[in-house]
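The values are calculated or read from the model by the stated rules, or taken from the named source; none is laboratory data. This one's a predicted model, so the numbers in the text were calculated from it and none came from an experiment. Because the Cβ atoms are built from the backbone with ideal geometry, glycine has one as well, and the counts that use them run over all protein chains shown. Calculation scope for accessible area: heavy atoms of the full protein, side chains included, ligands and nucleic acids excluded. Shrake-Rupley method; radii C 1.70, N 1.55, O 1.52, S 1.80 Å.
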Amino acid sequence: MSPATTPTGAEQRRGPFRPGERAQLTDEKGRMNTVTLTPGGAFHTHKGLLAHDAVIGQPEGSIVVNDTGHRYQVLRPLLSDFVLSMPRGAAVVYPKDAGQIITMADIFPGARVVEAGVGSGALSISLLRAVGDHGYLHSFERREEFADVARGNVETIFGGAHPAWKVSIGDFQEEVVKQEAAGSVDRVVLDMLAPWECLDAVATVLAPGGVWISYVATVTQLSRTAEAIRADGRFTEPDAWESMVRGWHLEGLAVRPDHRMVAHTGFLLTARRLAEGVTGITPKRRPSKTEFTDEDLQTWTPRDGDWSPETLGERVVSDRKLRRAAKDAASTVQRGAFKGTESPGDQKDV
């Protein structure tokens, strides 16, 4: 491909290692560290010094040796490695859920997609890879600080701004109907506390046959969103599921499941937009309680019944931490580096 037709970020993923790139170093015990390659720089551990110049110019999959004879396998970090170790303000959508969203919502090259909220940009990166340079992703975020963190992370992994990405600040249900024409969106992806509040906005901008997928953390959110979709009548019957990933220990005859796993992270719920003026078919089922009352809500939000991060058990992010994460994310674009963020699997960014 010529430079004009090379997809955004592709050059970051191929060829020999270059100055400013990140390299993942794995030692003989399987411990991983991610470093940013700098001419004349060095990776220091208690086991010696590895010169960055020994890595620069080498192809991926090379073995390099430090000054005391310890060997390291060198590869570029995968997207999953980046997501779990990048600067963050809000909790990220895990790779296992991002993969499900891309597939089950049928995010295709060239698709027009809107999402809310952006968080730290983990899901935005996956969506941009799926829609490609000729697609369209419009991300809505209520807090400018979160948007700043997301911009820094997206520009780091793509090597600059992505041509298909637009970020807007404000409430999704108010802003999306102002900025997107009715029936012009192929897919809607919501990662928010109360997605049922956006029902009218989603129904307005989503094209007939388009997919709405929501990511929620609790059973209560899942149930209320599903019942709101059913009561509205403009969507197909909702489907819901969760995915769990369990790794395996592989060593000789000792083949067994890992002791730890990534279990519940969130629920995914999908529904599709029906044609204008069409009312959905209600599946025949036994009668059951489908209405929420104030008493129902008070059983799990004894303070004030609001749908806030605190009542849903989410950790509240301080303004100070958000400012620091935004600064770290922005600095990675300039330096091409992480600042000592540790990820699962003993991986460290140096």
Item to complete: Could you tell me which residue of region 112-127 is surrounded by the fewest Cβ atoms within 10 Å (Cβ to Cβ), considering only residues that are in contact (Cβ under 8 Å) with a residue 40 or more places away in the chain and in a helix (DSSP H, G or I)?
Response: SER126
Discussion item. For region 176-197: of the residues being part of a helix (DSSP H, G or I) and open to solvent by 40 Å² or more (accessible area, probe 1.4 Å), which is farthest from ALA105 (Cα to Cα)?
Written reply: LYS178
Item to complete: Report yes if some residue within region 84-93 is open to solvent by less than 10 Å² (accessible area, probe 1.4 Å), small (Gly, Ala, Ser) and touching a Cys at 6+ places or on another chain (Cβ under 8 Å); otherwise report no.
Response: no
Response to the item:
Taking region 244-277 and keeping only residues that are hydrophobic (A, V, I, L, M, F, W, C), assigned to a strand (DSSP E or B) and within 30 Å of VAL202 (Cα to Cα), one is left with PHE267, LEU268, LEU269, ALA271
Item to complete: Within region 130-175, work out how many residues are under 19 Å from ALA329 (Cβ atoms), open to solvent by 20 Å² or more (accessible area, probe 1.4 Å), free of Cβ contacts under 8 Å to residues at least 40 places away in the same chain and not small (Gly, Ala, Ser).
Response: 4
Worksheet item: Does ALA122 qualify as being closer than 24 Å to GLU180 by Cβ, in contact with a Ser or Thr (Cβ under 9 Å, 6 or more places away or on another chain) and of a type in the set (Gly, Ala, Ser)?
Response: no
Worksheet entry | Those residues of region 1-33 which are among the aliphatic types (A, V, I, L, M), over 19 Å from LEU128 (Cα atoms) and at pLDDT 90 or above, in sequence order | ALA23, LEU25, MET32
Item to complete: Confirm whether ALA111 is small (Gly, Ala, Ser) and either under 21 Å from TYR94 (Cα atoms) or in contact with a Ser or Thr (Cβ under 9 Å, 6 or more places away or on another chain) (or both).
Response: no
Worksheet item: Hey, any hits in region 201-219 for a residue that's closer than 23 Å to HIS138 by Cα, surrounded by fewer than 18 Cβ atoms within 10 Å (Cβ to Cβ) and touching a Leu at 6+ places or on another chain (Cβ under 9 Å)?
Response: yes
Item to complete: With respect to VAL65, determine if the residue is modelled with pLDDT under 95 and either open to solvent by 20 Å² or more (accessible area, probe 1.4 Å) or among the β-branched types (Val, Ile, Thr) (or both).
Response: no
Worksheet entry | Residue that is modelled with the highest pLDDT [pool: residues in region 239-287 that are β-branched (Val, Ile, Thr) and open to solvent by less than 100 Å² (accessible area, probe 1.4 Å)] | THR270
Worksheet entry | Which numbered condition ASP97 misses (of (1) acidic (Asp, Glu); (2) at pLDDT 95 or above; (3) surrounded by fewer than 19 Cβ atoms within 10 Å (Cβ to Cβ)) | (3)
Worksheet item: What tally of residues in region 18-29 results from selecting those that are over 26 Å from the mean Cα position of the chain (by Cα) and touching a residue at least 24 places away in the same chain (Cβ under 8 Å)?
Response: 4
Response to the item:
Within region 68-78, residues open to solvent by less than 50 Å² (accessible area, probe 1.4 Å) and more than 30 Å from ALA326 (Cβ to Cβ) come out as GLY69, TYR72, VAL74
Practice prompt. From ASP53, ASP81, grab the single residue that is open to solvent by 60 Å² or more (accessible area, probe 1.4 Å) and modelled with pLDDT of 90 or more.
Written response: ASP53
Discussion item. I'd like to check something: does region 38-50 contain any residue that is crowded, with 16+ Cβ neighbours inside 10 Å, in contact (Cβ under 8 Å) with a residue 40 or more places away in the chain and in contact with a Lys or Arg (Cβ under 8 Å, 6 or more places away or on another chain)?
Written reply: no
